[in-house]
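Participant: Attaching a single structure in structure tokens format; questions to follow.
Please treat every number below as a calculation from the coordinates, not as lab data. Here the structure is a predicted model, which is why all the values come from computation and not from measurement. Neighbour counts are summed over all protein chains in view; Cβ atoms, including those assigned to glycine, are modelled from backbone coordinates with ideal geometry.
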Amino acid sequence: MKLVILALVTGFLTGFIFGLLKLPIPAPGAFSGIVGIFGIYAGYRVFEWVSVFFQR
């Protein structure tokens, strides 16, 4: 849980600093960004699962 809170605080501060400096947000649109993150996570998990079969 500590890691989740640290990630949230870091993301918040990054977004705040980008807003303060009037820079564009360093992330895609809200829903597409969430889907992209889920895709990365799912791909990594599938790789871990498939790599077990190739190690035998």
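Participant: If Ile17 satisfies every condition in (1) part of a loop (DSSP other than H, G, I, E, B); (2) over 18 Å from the mean Cα position of the chain (by Cα); (3) of a type outside the set (Gly, Ala, Ser) but one, which is the exception?
Facilitator: Result: Ile17 fails condition (1) only.
Participant: Filter the range 1-39 down to the residues that are β-branched (Val, Ile, Thr) and surrounded by 10 or more Cβ atoms within 10 Å (Cβ to Cβ) and list them by number. Break it down stepwise before answering.
Facilitator: Step one: list which residues in the range 1-39 are β-branched (Val, Ile, Thr), which gives 4-5, 9-10, 14, 17, 25, 34-35, 37.
Matches in the range 1-39: Val9, Thr10, Thr14, Ile17, Ile25, Ile34, Val35, Ile37.
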